[in-house]
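First up is the structure itself, then whatever we jot down about it.
The values are calculated or read from the model by the stated rules, or taken from the named source; none is laboratory data. Because the structure is a prediction, the values reported are computed rather than measured. Here the Cβ is made from the backbone with ideal geometry for all residues, glycine too, and neighbour counts use every protein chain on show. In case anyone asks, the SASA skips ligands and DNA or RNA and just uses the protein heavy atoms, side chains included. Shrake-Rupley method; radii C 1.70, N 1.55, O 1.52, S 1.80 Å.
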Amino acid sequence: MSITAVHLAEAVAEPLRTGRQVARARFPARPTAISWPATERSLAELCLQLTAAPFRLDKRNSEQIRGNGVALLLDWLGEHPGASWQQRWLASGADAAGGSWRQLTTAWLQQRGQHAEWRQAAVTGALMTAISADVVRPSLDWLVDGASGKGALVRHLTRARDPEGFTQLRAVCSAAPVSPANIRLTLHRTAEILAAKGGTLADITVGDALELLDTEAAARAKVTGGSAVFYRMLHQMGIFGEQSPETVRQARTIGQRTPAELIDRYQLSCGPVRDLLVEYLRERQPALDYASLDSLAHYLGKRFWQDLERHHPGIDSLRLPRDVADAWKQRLQTKTTMVKGGDGRTAQVTAPRINYRECLTPVRALYLDLAHWAVEDPGRWAHWVAPSPVGEEEINRKKAKRQRKSRMDARTRERLPVLPVLLRSLEQRRSDTDVLLNVARQAGPGQTFTSCGQTFVRSVVPHAAAGKVWVDDPATGKRRDLRLEEDFAFWAWAVVEVLRGTGIRIEELLELSHHSLVQYRLPSTGEFVPLLQIAPSKTDTERLLVVSPELADVLATIIARIRRGSAAVPLVSALDRHERVWSAPLPLLFQRRYGTENRAIPAGGVGALLTEALAHTGLLDADGQPLRFVPHDFRRVFITDALMNGLPPHIAQIIAGHSDINVTLGYKAVYPDEAIQTHLAFLARRRALRPSEEYRVPTDEEWQEFLGHFERRKVAAGTCGRAFNTPCIHEHACVRCSMLWPDPEQRPRLLEIRDNLIDRIAEAEREGWLGEVDGLKISLAGANDKLSQLDRRTNTTVDLGLPSIGNHSRSQLTAEL
């Protein structure tokens with residue numbers, strides 16, 4: 001059977017691109033009925049039904065007005081063609097008129113000479129009665145358009161259709177708890193579904209709820225709030241069943257696509273090649289996880305064949321001419337990105353594609369697999385066999401790996417020194433936003449208050465969402481949400497503290513739960529050691545990390561925040577962005593409050609938190625652009641710092657969760673001063689192994705010169721580590737020299753030097769002394785490096801005393817010479 005004949009229907013099917021489309025396909029709504037028993041009743045049967053319980057009112061006057069309204073409504077509908085009341089309702093044009101349907105009945109009453117305000121109100125009330133009696137079923141568009149009053153529709157359906165169901169729904173909302181506004185919205189939305197679809201609350205399906213929310217989104221400029229609450233309350237009632245998604249987000253998540261859907265995202269023109277790629281993915285699918293399958297479809301469908309079709313229309317064979325293959329590989333080496341300039345404008349620029357060879361490898365694998373499979377099943381694969389446009393030498397990644405190692409080391413060396421600055425900034429911003437939020441909450445609307453050296457005015461927002469704290473900033477003229485700022489500041493601090501204290505991956509961070517905190521009792525002392533259990537992620541191996549006191553304080557602060565005074569951590573589900581599946585509800589530590597529900601912080605949310613945090617530090621990279629951290633930077637910094645401070649590599653491997661120690665060593669960035677110190681230690685060991693006959697007693701001149709060298713090592717900022725009998729390479733510009741060992745007591749002097757250099761750079765730039773600027777910037781970088789060394793050094797010092805100079809010291813000098 002040829003590949004082109006397989007799943008032909010999938011080839012012409014329109015792919016589902018959005019979460020809403022996927023959700024509506026997975027959970028179809030109940031179809032709109034054409035006819036049902038209640039709408040087919042005769043006029044006499046209907047009049048008898050609508051004048052009896054539960055429609056009859058207790059008050060005689062109200063019941064009389066209602067009866068007149070029912071009679072007028074039935075007379076008006078009776079004048080339109082149709083075999084049922086629903087057909088007459090549609091023929092009247094009222095359903096299509098939406099919120100303007102009352103104009104039709106008003107004109108009809110005026111034609112009969114019976115127009116009066118009370119009669120129009122009675123007809124409106126009678127329509128609610130007809131809807132609750134399931135005589136007519138207006139469309140969702142008519143209901144969402146506001147053609148029915150919220151309170152009236154709920155009251156009528158509660159009394160006549162499903163009193164027990166609405167009572168139970170109110171009880172579930174009250175126990176949640178849910179705000180009164182969201183309770184009203186939930187009841188009204190439920191009533192709209194019953195009005196349009198018929199039945200009771202027990203008949204509502206997931207598709208009905210999604211259809212209503214989609215109708216609202218299409219009819220209104222903005223989505224009405226409370227949609228998540230509405231869905232969650234119906235789910236908690238047990239209406240949807242245990243196997244249904246727990247939230248709207250889960251229902252609308254685009255889960256794992258089939259191979260056909262993965263390829264059809266790219267709308268390939270050549271049907272045979274499209275079918276080949278789909279079948280190839282099906283063949284590879286059992287051996288791959290979903291993330292790898294998705295990546296393979298991206299490379300083959302988008303980077304390879306879609307690019308060929310765009311530049312060579314009509315191409316239909318894998319046998320590529322040499323010029324076509326070369327042009328494709330040339331295009332693949334670059335990509336177009338958007339870059340923001342100094343003026344704030346964005347522009348398109350062409351940049352090299354770093355993962356160029358990673359795009360070539362799947363294409364070469366495709367050609368080789370087809371050639372191999374053709375031997376086993378020639379009827380299925382043989383006619384697709386062709387020479388590979390990618391040679392073996394083109395996918396050699398040794399040089400690319402070295403370049404990547406160099407880039408990562410440079411990135412780590414740039415970020416490790418500024419980590420203390422980032423931590424101080426995060427802690428200060430967390431404290432400031434918390435104080436500011438508490439002061440703002442005590443101020444009344446329109447009241448001016450001052451906090452953290454800034455003056456604000458509490459905004460007057462009558463319809464603000466619950467929990468929002470809006471203030472107007474007179475300095476900028478902008479309105480700020482202080483609760484959101486405090487929330488961002490806290491979680492940015494929490495993310496950075498946990499990442500830099502553990503070195504875990506971003507996936508492992510987001511999977512940390514309350515259950516991850518465990519204890520271990522030492523057999524020798526009986527002492528409890530707190531441990532952090534890291535769930536299996538990349539290497540499918542779990543591990544345990546010792547929790548330091550600082551990290552324990554951070555985790556305790558996080559747990560206290562998400563509990564919000566409750567006894568337990570809320571249970572939330574998280575989406576695995578790689579496998580596209582939702583986890584079971586867990587007490588995750590990294591969860592935030594979104595409106596009326598708690599949600600797990602996604603990986604993209606962590607990136608937004610880091611970007612927001614770095615924007616307030618003012619840190620710049622080597623190009624003068626705002627410094628950017630990604631979560632994996634903290635992992636590299638953690639491993640580099642640990643190995644530099646003497647942690648054995650094999651222990652660092654276990655902590656990092658690497659299966660190969662070479663990967664751990666690859667994470668470590670090599671510093672120039674570290675290489676120098678290592679080389680000096682090597683020379684010392686080599687001299688210690690020399691034969692004794694090579695040693696001689698130095699002369700008095702040599703001895704005095706040697707002593708003079710050590711006497712001259714003391715400089716203003718610390719101690720010079722320059723080896724004996726070596727010249728000063730920086731011409732005594734000590735602040736630039738990597739051999740300077742700064743003295744902690746000279747920190748004020750270094751700060752003074754740094755501030756003086758900053759002022760001199762500003763003066764040189766102002767006066768146009770460009771030749772002076774470069775040298776001053778080198779000195780400034782050296783001063784900052786010395787301050788960073790002092791920050792990394794421990795405060796504990798050991799006094800070894802001063803050595804005495806005697807015959808034994810002279811023999812040591814003999815060994816040196």
Item checked: Residues of segment 459-502 satisfying the condition of being closer than 23 Å to Ser179 by Cβ, of a type in the set (A, V, I, L, M, F, W, C) and at pLDDT 85 or above -> Val460, Val469, Trp470, Val471, Leu482, Leu484
Check: Out of all the residues in segment 308-315, is one or more surrounded by 13 or more Cβ atoms within 10 Å (Cβ to Cβ), β-branched (Val, Ile, Thr) and within 28 Å of Arg628 (Cβ to Cβ)?
Finding: no
Next item on the list: Go through segment 559-600 and count every residue that is open to solvent by 60 Å² or more (accessible area, probe 1.4 Å), within 27 Å of Leu262 (Cβ to Cβ) and in a loop (DSSP other than H, G, I, E, B).
Entry: 4
Next item on the list: Hey, can you tell me all the residues within segment 343-368 that are free of Cβ contacts under 8 Å to residues at least 24 places away in the same chain, more than 27 Å from the chain's Cα centre (by Cα) and either open to solvent by less than 30 Å² (accessible area, probe 1.4 Å) or farther than 30 Å from Arg282 by Cβ (or both)?
Entry: Asp343
Item checked: Condition broken by Gly604, with the remaining ones in (1) assigned to a loop (DSSP other than H, G, I, E, B); (2) surrounded by fewer than 15 Cβ atoms within 10 Å (Cβ to Cβ) satisfied -> (1)
Item checked: Pairs with Cβ under 7 Å, 6+ apart, first in segment 42-56 and under 16 Å from Ala83 (Cβ atoms), second not in a helix (DSSP H, G or I) -> Leu46/Val135
Next item on the list: Sort out which residues of segment 397-455 are within 30 Å of Arg561 (Cβ to Cβ), part of a helix (DSSP H, G or I) and of a type in the set (Val, Ile, Thr), and write them in order of number.
Entry: Val421, Thr433, Val435, Val439
Margin query: Name the residue that is nearest to Cys452 (Cα to Cα), counting only residues in segment 419-431 that are in contact (Cβ under 8 Å) with a residue 40 or more places away in the chain and surrounded by fewer than 19 Cβ atoms within 10 Å (Cβ to Cβ).
Written below: Glu427
Next item on the list: Evaluate the following for Thr105: is it part of a helix (DSSP H, G or I), within 15 Å of Arg66 (Cα to Cα) and open to solvent by less than 30 Å² (accessible area, probe 1.4 Å)?
Entry: no
Check: If you take the residues of segment 456-483 that are in a strand (DSSP E or B) and open to solvent by 70 Å² or more (accessible area, probe 1.4 Å), which of them is farthest from Arg564 (Cα to Cα)?
Finding: Lys478
Next item on the list: Please specify each residue of segment 156-196 satisfying the condition of being charged (D, E, K, R) and buried (at least 22 other Cβ atoms within 10 Å of the Cβ).
Entry: Arg189, Glu192
Next item on the list: Quick one: count up the residues across segment 510-548 that are among the small types (Gly, Ala, Ser) and either surrounded by 14 or more Cβ atoms within 10 Å (Cβ to Cβ) or within 24 Å of the chain's Cα centre (by Cα) (or both).
Entry: 4
Checklist line | Residue in segment 95-110 that is at pLDDT 90 or above and within 20 Å of Asp208 (Cβ to Cβ) present | finding: yes
